[in-house]
1. For the range 124-145, which positions are hydrophobic (A, V, I, L, M, F, W, C) and in contact with a Leu (Cβ under 7 Å, 6 or more places away or on another chain)?
2. Are any residues in the range 111-126 touching a His at 6+ places or on another chain (Cβ under 9 Å) and either in a helix (DSSP H, G or I) or open to solvent by 30 Å² or more (accessible area, probe 1.4 Å) (or both), and if so, which ones?
3. For the range 128-137, which residues satisfy the criterion of being in contact (Cβ under 8 Å) with a residue 24 or more places away in the chain and open to solvent by 10 Å² or more (accessible area, probe 1.4 Å)?
4. Somewhere in the range 290-299, is a residue part of a helix (DSSP H, G or I), polar (S, T, N, Q) and under 30 Å from Val117 (Cβ atoms)?
5. I want to confirm something. Restricting to the range 308-339 and keeping residues that are within 24 Å of Ala412 (Cα to Cα) and in contact with a Leu (Cβ under 9 Å, 6 or more places away or on another chain), which single residue is most open to solvent (accessible area, probe 1.4 Å)?
6. Give the residue that is farthest from Asn369 (Cα to Cα), with candidates limited to residues of the range 381-421 that are part of a helix (DSSP H, G or I) and of a type in the set (Val, Ile, Thr).
7. Can you find, within the range 176-232, the residue that is nearest to Arg73 (Cα to Cα) among those that are among the basic types (Lys, Arg) and open to solvent by 20 Å² or more (accessible area, probe 1.4 Å)?
8. Go through the range 269-293 and give me each residue that's closer than 20 Å to Met454 by Cβ and open to solvent by 20 Å² or more (accessible area, probe 1.4 Å).
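The values are calculated or read from the model by the stated rules, or taken from the named source; none is laboratory data. Just so you know, these numbers come straight off a predicted model, no measurement behind them. FYI the Cβ positions are ideal-geometry reconstructions off the backbone, even for glycines, and counts take in every protein chain you see. The protein model used for the area step is the full one, side chains on, heavy atoms only, and it has no ligands, DNA or RNA in it. Shrake-Rupley method; radii C 1.70, N 1.55, O 1.52, S 1.80 Å.
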Amino acid sequence: MRMTSALSFLTQVTGKSSRNLQGTTPGNTRDSSVCSSWSLRGLRGWCRLRHTSQSERMETQSQVVERLRETFRSGVTLPEQFRRTQLTNLIAMIEENEEQIIKALHKDLAKPKFEAVLSEVDILINELYYANANLNSWMKREYVTKNLATKLDDCFVRREPLGVVLVIGAWNYPLQLLLLPMVGAIAAGNCVIIKPSEISAATEQLIAELVPKYLSQDCYAVVQGGAEETKALLKNRFDHIFYTGSQAVARSVLVAASVHLTPVTLELGGKCPCLLYGAVNMAAAARRLVWAKYFNSGQSCVAPDYVLCTPATREALLPEIQKTLVDCFGTEPQASPDLGRIVSPRHWTHLMELLGRSKGKVVVGGEGNQEDKYIAPTVLVDVAEDDALMQEEIFGPILPIICVDTLEEGIAFINRQEKPLALYVFSEESSVVETVLKNTSSGGFCSNDGILHMTLPSLPFGGVGSSGWGNYHGRWGFETFSHRRACMLRGWGLEMLNGLRYPPYTERKLSWVRWSASPKSMCSLM
């Protein structure tokens, strides 16, 4: 089929002119502009798949995967303008449905509007604008240094999409942790299947309703369901799997991915320490610590999980924490509209049982209401390293404080634990901050504040060791979902030099070949 006949066929099927069709997003219900120079391969793929995307029949998971794989093979997702259009449509989806999103998040987690907008809506919109602004530069060939043997060749790295990728989201930030990785996958030119968490049911349902209305149904799909549906989904072959959640489930994801040798990105979490040492502005430290810890009722993978400080610092810090909690949530926190709730009765029960097993002393909070899924902002002291609260990520509004006598002791304590997703240091002394930075390892690091480092799209976000593999945000997400293809385009020049590598071999030839391919010859060309 020639291009002209293909456009003619599409005109007959849809009733649109060839000119209009060149600017129509395949499978999209929105009127938006796409690259006017689709490849013939991509256009044929669209002709073949359009009826499938518009049909109302129920598809099995494997059929969805195969349908998206056929779309990817057609080349539809490759043009830069197509990717831009989908990113723009995703912005529209969030902006036009902000109130619905806020209501769903409140239904799932009682998230205050302020927290919902900050951590779910705006972080996504900022990421999308950042990706659209930088997409052209990300897609450009990256030319590399050459040696004498390749002097006349084009040598570059080309970023190519992986194919059909799977993104499995988490319940604590059900919009952000699902769609933010999707931004990188779309920007890189992939077809994407997203699996929202069934635990945050209202947000899951809203995502399932909105995504097909705004994004190409041939290229992107939402799969709903619980653990069994996820297990079944993982039996399919994907070109990359991106999972956010617990370490226990991550092991199952890895086992399933190993069957197909599928690469995996894991964003897991862990026990993020907050070390206070030396001169500290206690009032400011308490405000920033309380905000970071009790944001989303403590259900954040980057929330400070425990505090390390000297006994003297603890005595100065506790009154400030108590004052800050009253300033933020009043004398009756349960009545505060600014404090979220635990996501489910099961999670509430687990947290209260964990608190009950602790041998630490509760100095703030400790109360809970099962029917309301409420746990008061809680602080404990005299917590030992082997305490129940120190054996797993708390993931709730419970903050243990552990005393150490020296900075070295605090660093040693941190290094005895698994590497955390984030590490926080509060100190007015730059030498303290630098010492901790140089002598520890963590996914991310932030001094004198919490959580904020993950809001900057130019910084990579991800774990290390048991807190995760790989990273995303901004270009880092684009790179995660791209294959960096090494390319060398050779001509027929310098054949005399090339002849040195052909038999019969001699010591003189070997000497010349080794020099022409060496770093010395690379330096001589610079």
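1. Leu124, Leu128, Ala131
2. Lys113, Ala116
3. Those that are in contact (Cβ under 8 Å) with a residue 24 or more places away in the chain and open to solvent by 10 Å² or more (accessible area, probe 1.4 Å): Tyr129, Tyr130, Asn132, Asn134, Asn136.
4. Yes: one or more hits.
5. Looking at the filtered set, the residue picked out is Arg314.
6. If we filter the range 381-421 for residues that are part of a helix (DSSP H, G or I), which is where we start, we get 388-390, 407-416.
Filter once more, keeping what is of a type in the set (Val, Ile, Thr): 411, 414.
Working: Ile411: 37, Ile414: 33 Å.
My answer is Ile411.
7. Among those that are among the basic types (Lys, Arg) and open to solvent by 20 Å² or more (accessible area, probe 1.4 Å), it is Lys213.
8. Lys271, Arg287, Arg288, Trp291
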